[in-house]
Number of protein chains: 4
Amino acid sequence: MTAMNLRGVFAPIPTPFDRDERLDLDRLGAACERWAASPLSGLVVLGSTGEAVLLDELESERVLSLARERWPSGRTFIAGAGRESTAATIRAVGRAADLGADAVLVRTPGFYKSQMNNDAFVRHYRAVADASPVPVLLYNFTAVTGVNLPAAAVTTLAAHPNIIGIKESSGDIAQMTDLVAGTPEDFCVLAGSSTTFYSSLCMGAVGGVLALACVLPDACVRLFELTRDGRHAEAAALQHRLVPVAKLVGNMHGVPGLKAALQLAGCDAGVPRSPLAPVSAAAVAALREALMSFEEVARV
Amino acid sequence: MTAMNLRGVFAPIPTPFDRDERLDLDRLGAACERWAASPLSGLVVLGSTGEAVLLDELESERVLSLARERWPSGRTFIAGAGRESTAATIRAVGRAADLGADAVLVRTPGFYKSQMNNDAFVRHYRAVADASPVPVLLYNFTAVTGVNLPAAAVTTLAAHPNIIGIKESSGDIAQMTDLVAGTPEDFCVLAGSSTTFYSSLCMGAVGGVLALACVLPDACVRLFELTRDGRHAEAAALQHRLVPVAKLVGNMHGVPGLKAALQLAGCDAGVPRSPLAPVSAAAVAALREALMSFEEVARV
Amino acid sequence: MTAMNLRGVFAPIPTPFDRDERLDLDRLGAACERWAASPLSGLVVLGSTGEAVLLDELESERVLSLARERWPSGRTFIAGAGRESTAATIRAVGRAADLGADAVLVRTPGFYKSQMNNDAFVRHYRAVADASPVPVLLYNFTAVTGVNLPAAAVTTLAAHPNIIGIKESSGDIAQMTDLVAGTPEDFCVLAGSSTTFYSSLCMGAVGGVLALACVLPDACVRLFELTRDGRHAEAAALQHRLVPVAKLVGNMHGVPGLKAALQLAGCDAGVPRSPLAPVSAAAVAALREALMSFEEVARV
Amino acid sequence: MTAMNLRGVFAPIPTPFDRDERLDLDRLGAACERWAASPLSGLVVLGSTGEAVLLDELESERVLSLARERWPSGRTFIAGAGRESTAATIRAVGRAADLGADAVLVRTPGFYKSQMNNDAFVRHYRAVADASPVPVLLYNFTAVTGVNLPAAAVTTLAAHPNIIGIKESSGDIAQMTDLVAGTPEDFCVLAGSSTTFYSSLCMGAVGGVLALACVLPDACVRLFELTRDGRHAEAAALQHRLVPVAKLVGNMHGVPGLKAALQLAGCDAGVPRSPLAPVSAAAVAALREALMSFEEVARV
């Protein structure tokens, strides 16, 4: 159905803000060019890592436009477009398509948790997929949304011609295994957790959308390739070495940690927007040490 | 500081939609007049019960304008104004004040859960309270947001001259007790859970913002008055009788359950907006029976 | 059916150990006499607070014998007798009755959590109650067992002639309300959480089994009496003052905290048994301050 | 230090009871001979799967004696010996060694959850390992105990000469990765969850203690060997096929499900002991279908 590449490693890029917390498109453009020089399969713009929920609609459009412009046209470009209401999601999906997204990543609505059962998810995603001009990726991120998209709902939704895959961010390998087992071969399961990326690939994920890939794109792509090529001992060893950085950038310090790590890696993604705040000096020191340890071992 | 009444019972009113899920201001107006005829102390518009996260900014303003217009000017009128970013919250708070809100109810941001520590909450609320033209009520609803506003943060924030109280929706009486103990006498702690309203009042809450009060305003106000007047045996008995209805309208069926219960009580609040869906026929039957049981006992 | 008093305040007493962690019956006897001089309605021996799971069967019998001997025969004496298997529970219940227990308190089995559904609980408690020579109290302590005894199971079990009540330790007032509403008038619901004791009494609990009552028996009994006599404002004020001590003795420092608090109050209950360990000096200081604050306010 | 083999697949065997729920050593002996004919690396007797918490001490000794006698002396024989108190654990460990156990598996104490911090675990396991005549395996099974043994505590304890490994039953691959990374090469990390066994091996586990291996020992051993031999595609495919059976035998139906599955596989392990109960006819049918599906695919 689509020629778009969903294999490999995707970077869910952060949205730069300046010191006054205003959108900083210059920094965004420079960062996009940096990522374009890496072997990443594609970008995800306006995901959770992109502080999408802290942007208004106009800002969202400016981010999408600029990133699309700076990202090579032949490489996959995915836009986050989840909203709480079905109607707002459909509008966001349409705008993303207009602005050149190859596909949209649609987070589960999660505000009314007790009402979000199997049926509600199926209705929501069907309506969105019916209306979307571009293919839809489901997005399950329980730690953030507080709801879990059941494997049974994914199996049902995988039959929709405009739903092409899912990003599963739990890092729960049993759930990943269920998703792969319950969907057709051409349905793309993408891992969202860097600490279990290798295990996810082993169980049938075709790639990953990894915050860590913003900072260490080459290493993440190498982990993908080693696994694809059956070089499992090397892959496992690389996964082990990536874990300490992955933890700091992920759960522990979140988006502020990612922005600090990018700064240390020579890429200026600005500061986070309130209520998020820059990480402490101690966290920066821990990130610096983890990055240096990783590079040193890599050099040997 | 303010002459506004925060004692007693407040109804967090739902937002009516028509069959096409469009905002239905006629139904809203009619419902407001109905509530105005009851002994409620005030309304909360655009709270969680108001499906605020399913509305766009323009719709939010239309709801506020209309409700403000139909609600007696002498009675307290509170607007929900929580957003994920601090800046967007400040804008929402300003608009609510412009449209006549006496106070604003500001839900904790909760998307980036791992980053929402004591400091982040204090910074967020201070910035909002500094900027708000009207008094601010904190709002802790862990079951929905997935984060808990620590009692220590509330103690700190209670010292801000423009923060006048908190709505605590957990129904956790130990937490309610901590909030009352940790804040000055004139800081208003409001209960958000109908099943433990009487206990909350016993421990020092000055009132409640209760979804149940949309359906049974007189009974909820009577429960408040019995407790205030020291008629504890009657209050406890009334609380016991309200529990079955409160459960169905609350956790079990959420906003769709509330809209169904209102319909049964003769108040047409329309349908919920997707991804929410109307409750099943079985749920309507359970609601009808619970309401009838309540009325029968009440009549005796 | 029984003349035993289940109203009022019961102390779930700790089991003293000496420095070598051996059972210390001398300290136990002295402590029992101290509690006998207080207005407590009764004792619970070998409950969670009694480190029962750290004792072998022979030690359990020695504790029961000694405590029974030192406790006035006219006052209620309850023995904890929960075990993981139904058969072992029946044996423990029989031994407790032989040693003079007026009733037994039987904790829900909880090791095989996924199998402990409504049916399993009903079967277990029916078998135990059928076999027990003395009346049975159910015991729900989810924070420790990891399972919740559903209110529906309690309603079913309350019909058994040898099941006379329940100790509910969650401190969840909504659940307490459900238990009172779902059981006959003469079924005794006892609160297990000191921080919400007053609220539990307001909602129909007939008394409490409170670790705090080991340390402050007079104050706990006074809280019971004030509520019983309709002096609600005084009761709420006393509850507020008890919370800081209750927290330290309860969740925060557990049995080691209770033993430290007893020491400070002039009652030597020895040390806890490994893997439990005495609390830190900082915890002792916090307990001392909380106890002194309480006494000071009480004196005024 | 030890010549004992801890690589490969271990079966945590169930304890058979007859219709009157009495220990059934004949069935146990017959089952042991069956397992001895399989390529399992060893047995774990009196683990969670062995209903150890439902046995008294005398029964425990009879089970250990009989199983030890029927299990080939050259193959690894591990005894579960966890208790709540440190002293009782030391006694159980001593008895197990006397009865011929090559090593002991010691579950974390978990009753006093709020007190079980890093220090408490380290103290407990050091005391047990100091006293144990045979090597000690740590055992972390959070779903049952409600406590988590922190990776930091495992790193500390791995330095003890008599602590040789850990069974980690969470199925959390990130935690498994941390355990492998935080311990020396010769410290044995064993997986306890069948649904993620392959992923655990990929990340450095040296084997597994799998309830599923009681029912399908050959398939589990084959999964181990395929992974060891670098035949990853076949291993992943076999893991996928094992998941449906693993789920039914594991979380969903627990020990009763395992006993029913064994019966279907031609091995009579009797009934579970109360409060556990045999599974429903519907569960038996689901197990039969899952086992038949597995065998059919295996045959092709």
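Quick rundown of the values:
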{"quantity": "Condition check for B:ASP98: touching a residue at least 40 places away in the same chain (Cβ under 8 Å), surrounded by fewer than 24 Cβ atoms within 10 Å (Cβ to Cβ) and over 14 Å from the mean Cα position of the chain (by Cα)", "calculated": "no"}
{"quantity": "Residue in region D:66-81 that is open to solvent by less than 10 Å² (accessible area, probe 1.4 Å), in a helix (DSSP H, G or I), touching a residue at least 40 places away in the same chain (Cβ under 8 Å) and on the phi < 0 side of the Ramachandran plot present", "calculated": "yes"}
{"quantity": "Flag if D:PHE141 is away from chain C (no Cβ under 14 Å) and either touching a residue at least 40 places away in the same chain (Cβ under 8 Å) or open to solvent by 10 Å² or more (accessible area, probe 1.4 Å) (or both)", "calculated": "no"}
{"quantity": "Residue check for C:GLY100: in a loop (DSSP other than H, G, I, E, B), within 21 Å of C:VAL209 (Cα to Cα), touching a Leu at 6+ places or on another chain (Cβ under 8 Å) and within 12 Å of another protein chain (Cβ to nearest Cβ)", "calculated": "no"}
{"quantity": "Scan of region C:9-35 for residues that are of a type in the set (Gly, Ala, Ser) and touching a strand residue (DSSP E or B) at 6+ places or on another chain (Cβ under 9 Å), ordered by number", "calculated": "C:ALA11"}
{"quantity": "Residue check, D:ALA211 open to solvent by 10 Å² or more (accessible area, probe 1.4 Å) and over 29 Å from A:GLN239 (Cα atoms)", "calculated": "no"}
{"quantity": "Qualifying residue in region A:25-34 (condition: touching a residue at least 40 places away in the same chain (Cβ under 8 Å), surrounded by fewer than 21 Cβ atoms within 10 Å (Cβ to Cβ) and under 18 Å from the mean Cα position of the chain (by Cα))", "calculated": "yes"}
{"quantity": "Inter-residue pairs, beta-carbon under 7 Å, first more than 20 Å from D:ASP20 (Cα to Cα) and in region D:268-294, second small (Gly, Ala, Ser) and at pLDDT 95 or above, 6+ apart", "calculated": "D:ALA283/D:GLY257; D:ALA283/D:ALA260; D:VAL284/D:ALA260; D:LEU287/D:GLY257; D:LEU287/D:ALA260; D:LEU287/D:ALA261; D:LEU291/D:ALA261; D:LEU291/D:ALA265"}
{"quantity": "Hey, A:PRO14 under 21 Å from B:GLY110 (Cα atoms) and touching a residue at least 12 places away in the same chain (Cβ under 8 Å) or not", "calculated": "yes"}
{"quantity": "Single condition D:ASP56 does not satisfy, out of (1) within 14 Å of another protein chain (Cβ to nearest Cβ); (2) farther than 30 Å from C:MET252 by Cα; (3) in contact with a Gly (Cβ under 9 Å, 6 or more places away or on another chain)", "calculated": "(3)"}
{"quantity": "Among the residues listed as A:VAL180, A:VAL206, A:VAL154, the single one being open to solvent by 30 Å² or more (accessible area, probe 1.4 Å) and within 26 Å of D:ARG241 (Cβ to Cβ)", "calculated": "A:VAL180"}
{"quantity": "Test: residue in region A:5-20 that is open to solvent by less than 60 Å² (accessible area, probe 1.4 Å) and over 26 Å from A:ASN251 (Cβ atoms)", "calculated": "yes"}
{"quantity": "Selected residue (only one of B:GLU59, B:GLU84 is surrounded by 15 or more Cβ atoms within 10 Å (Cβ to Cβ), more than 17 Å from B:LEU262 (Cβ to Cβ) and touching a Pro at 6+ places or on another chain (Cβ under 6 Å))", "calculated": "B:GLU84"}
{"quantity": "Any hit, region A:222-234, residues being buried (at least 24 other Cβ atoms within 10 Å of the Cβ) and more than 23 Å from A:MET4 (Cα to Cα)", "calculated": "no"}
{"quantity": "Odd one out for C:GLU84, checked against (1) touching a strand residue (DSSP E or B) at 6+ places or on another chain (Cβ under 7 Å); (2) within 10 Å of another protein chain (Cβ to nearest Cβ)", "calculated": "(1)"}
{"quantity": "Of the criteria (1) under 15 Å from B:GLU51 (Cα atoms); (2) more than 17 Å from the chain's Cα centre (by Cα), which one B:PRO256 fails", "calculated": "(2)"}
{"quantity": "Subset of region C:103-122 (residues that are open to solvent by 30 Å² or more (accessible area, probe 1.4 Å), facing chain D (nearest Cβ under 9 Å) and either without any contact (Cβ under 8 Å) to a residue 12 or more places away in the chain or among the small types (Gly, Ala, Ser) (or both))", "calculated": "C:SER114, C:GLN115, C:ASP119"}
{"quantity": "Whichever residue in region B:260-277 is more than 11 Å from every other protein chain (Cβ to nearest Cβ), open to solvent by 20 Å² or more (accessible area, probe 1.4 Å) and not polar (S, T, N, Q) and, among such residues, is nearest to A:TYR112 (Cα to Cα)", "calculated": "B:VAL271"}
{"quantity": "Filtered residues of region C:127-138 (kept if closer than 23 Å to D:ALA52 by Cα and surrounded by fewer than 21 Cβ atoms within 10 Å (Cβ to Cβ))", "calculated": "C:ALA127"}
{"quantity": "Residue count, region B:144-169 (criterion: within 14 Å of chain A (Cβ to nearest Cβ) and either part of a loop (DSSP other than H, G, I, E, B) or closer than 19 Å to B:ASP119 by Cα (or both))", "calculated": "8"}
{"quantity": "Pick from region B:218-253, criterion under 30 Å from B:LEU54 (Cα atoms) and either in contact with a strand residue (DSSP E or B) (Cβ under 6 Å, 6 or more places away or on another chain) or of a type in the set (Phe, Trp, Tyr) (or both), ranking: nearest to the other protein chains (Cβ to nearest Cβ)", "calculated": "B:CYS220"}
{"quantity": "Residues located in region A:13-56, provided they are in a helix (DSSP H, G or I) and farther than 17 Å from A:ASP268 by Cα", "calculated": "A:SER48, A:ALA52, A:VAL53, A:LEU54"}
{"quantity": "Subset of region B:278-300 [more than 14 Å from every other protein chain (Cβ to nearest Cβ) and open to solvent by less than 30 Å² (accessible area, probe 1.4 Å)]", "calculated": "B:LEU287, B:LEU291"}
{"quantity": "Residue in region B:154-170 that is closer than 21 Å to C:ASP172 by Cα and modelled with pLDDT under 95 present", "calculated": "yes"}
{"quantity": "Near pairs, Cβ below 6 angstrom, 6+ apart or cross-chain, from region A:243-259 (open to solvent by 20 Å² or more (accessible area, probe 1.4 Å)) to any residue that is of a type in the set (Val, Ile, Thr)", "calculated": "A:HIS253/A:VAL279"}
{"quantity": "Yes/no for B:THR177 being more than 29 Å from B:GLU296 (Cβ to Cβ) and in a loop (DSSP other than H, G, I, E, B)", "calculated": "no"}
{"quantity": "Test: A:ILE173 is of a type outside the set (Phe, Trp, Tyr), in contact with a helix residue (DSSP H, G or I) (Cβ under 8 Å, 6 or more places away or on another chain), away from every other protein chain (no Cβ under 14 Å) and free of Cβ contacts under 8 Å to residues at least 60 places away in the same chain", "calculated": "no"}
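For every residue, the table says whether it meets (1) farther than 27 Å from B:MET203 by Cβ; (2) touching an Asp or Glu at 6+ places or on another chain (Cβ under 8 Å).
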{"site": "C:ASP130", "(1), (2)": "yes, no"}
{"site": "C:ASN140", "(1), (2)": "no, yes"}
{"site": "C:ALA159", "(1), (2)": "yes, no"}
{"site": "C:SER169", "(1), (2)": "no, no"}
{"site": "C:ASP178", "(1), (2)": "no, no"}
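The values are calculated or read from the model by the stated rules, or taken from the named source; none is laboratory data. Bear in mind the structure is a predicted one, so any value in this text is a computation, not a measurement. Neighbour counts are summed over all protein chains in view; Cβ atoms, including those assigned to glycine, are modelled from backbone coordinates with ideal geometry. Areas reflect the complete protein model, heavy atoms only, side chains present, ligands, DNA and RNA absent. Shrake-Rupley method; radii C 1.70, N 1.55, O 1.52, S 1.80 Å.
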